[in-house]
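Computed from the coordinates by the stated procedures, all read-outs in this text should not be read as laboratory data. Given the structure is predicted, the values throughout are model-derived calculations rather than measurements. Every residue, glycine as well, gets a Cβ built from its backbone with ideal geometry; the counts of neighbours run over all protein chains shown.
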Amino acid sequence: MRVQSLFVSDVHLGCRFSRAPELFEFLGRFEPENLFLVGDIIDGWKLRRNFAWDDTASFVVRRVLGMLKRGTRVHYATGNHDEFLRDWSPQTFGHVELADQFIHVTRDGRRLLVIHGDLFDQVTRHARWIERFGARAYTAALHANAWTNAVRRRLGYPHWSLSAALKSRVKTAVNFINDFEGFVARYTREQGCTGVVCGHIHVPAIRMLEGVEYYNCGDWVEHCTAVVEHLDGRMELVGYHDAAAVPSIGYHAA
């Protein structure tokens, strides 16, 4: 499917829970003019220990390179898990633009801020040790997900995410998300934009927020979602299973 732009965030390549096979297949179903990688594509935090890079992660990279060869413009917005790239930001490598944020003008003329979002996470900015602890707790919840769903499959029940359920029900997590979104909306207006595309909190969403069009890509650890800008400028949140109805374009890993 030809689209104007495809926005993907929080893939966490290098983490054992990254859904790289699903992303590889998903990318093959779109032919975008622009591909925005909205941070945390590579999990640099795992480089020190438990780094899990397999062939499928390499295939995802090769698929992106194949899209580049076919004319797709790639824009990489740095995140907190791939913050090592910020030393080279902003920079252009061939047809790949690297920056901490981008301003994207849609086909129908709207200005969208594209940014990972860790800038608006007060924990990330001021208490890094808490952030690291939270990341480990999240990993533990993902391990629990794997065990829980192995049992559920045996009993004939569908997939269920413990970590997502905890985030949606714990009051502090809900308040954190609300605070994050409020900071995003205010910063977006300061940048002279009418909308924002971000990631970071692994909660896919499209809605109006304090007069700002808010698009969160979600992630490729639990939700397997992305944001698509269609050729007429319309924005849509698309999941891996939604895109399964879109015929593959026939991209090779390149």
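Rounded, prolate or oblate: which one fits the range 1-65, using the alpha carbon gyration tensor with axes a ≥ b ≥ c (rounded when a/c is under 1.5, else prolate when a/b beats b/c, else oblate)?
Because a/c hits 1.5 or more and a/b exceeds b/c, the range 1-65 counts as prolate.
Could you derive backbone 3J(HN,Hα) for the range 29-38 from the dihedral phi with the Karplus parameters 6.51, -1.76 and 1.60 (θ = phi - 60°), listing whole Hz in sequence and x where the residue is Gly or Pro?
Taking θ as phi minus 60°, the curve returns 9, 10, 10, x, 5, 10, 10, 9, 9, 9 Hz for the range 29-38.
Which length gain, in nm to one decimal place, applies between residue 189 and residue 47 when the Cα-Cα distance is subtracted from 0.36 nm times their residue separation? Mind dumping the intermediate values first?
Details: separation 142, 0.36 × 142 = 51.12 nm, distance 3.59 nm.
Using 0.36 nm per residue and subtracting the Cα-Cα distance, I get 47.5 nm.
Per residue of the range 220-232, in order, report the coupling 6.51 cos²θ - 1.76 cosθ + 1.60 (Karplus, θ = phi - 60°) as ³J(HN,Hα) in whole Hz, putting x for Gly and Pro.
Couplings: 10, 10, 10, 8, 6, 10, 8, 10, 10, 9, 6, 5, 9 Hz.
Counting Lys and Arg as +1 and Asp and Glu as -1, what is the net charge of the other residues whose Cβ lies under 13 Å from the Cβ of residue 234?
Once positives and negatives cancel, what remains is -3.
Calculate one ³J(HN,Hα) per residue across the range 65-81 by plugging θ = phi - 60° into the Karplus curve 6.51 cos²θ - 1.76 cosθ + 1.60, and present them in order as whole Hz with x for glycine and proline.
Going residue by residue, I get 4, x, 5, 4, 4, 8, x, 5, 8, 9, 10, 10, 8, 5, x, 6, 7 Hz, with x marking Gly and Pro.
For residue 35, what residues show an amide H to amide H distance below 5 Å, using hydrogens built from the backbone and excluding near sequence neighbours?
6, 73, 74, 75
If you filter the range 179-238 for trypsin sites (Lys or Arg not before Pro), then keep DSSP loop positions with at most 15 other Cβ within 10 Å, what is left? Kindly include the intermediate steps, with their values, before the conclusion.
On the way: sites: 186, 189, 207, 234; in loops: 234.
Sites meeting the loop and neighbour criteria: 234.
Suppose each label sits 7 Å from its Cα in the direction of the beta carbon; what would the residue 241-residue 95 distance come out to in nanometres?
3.4 nm
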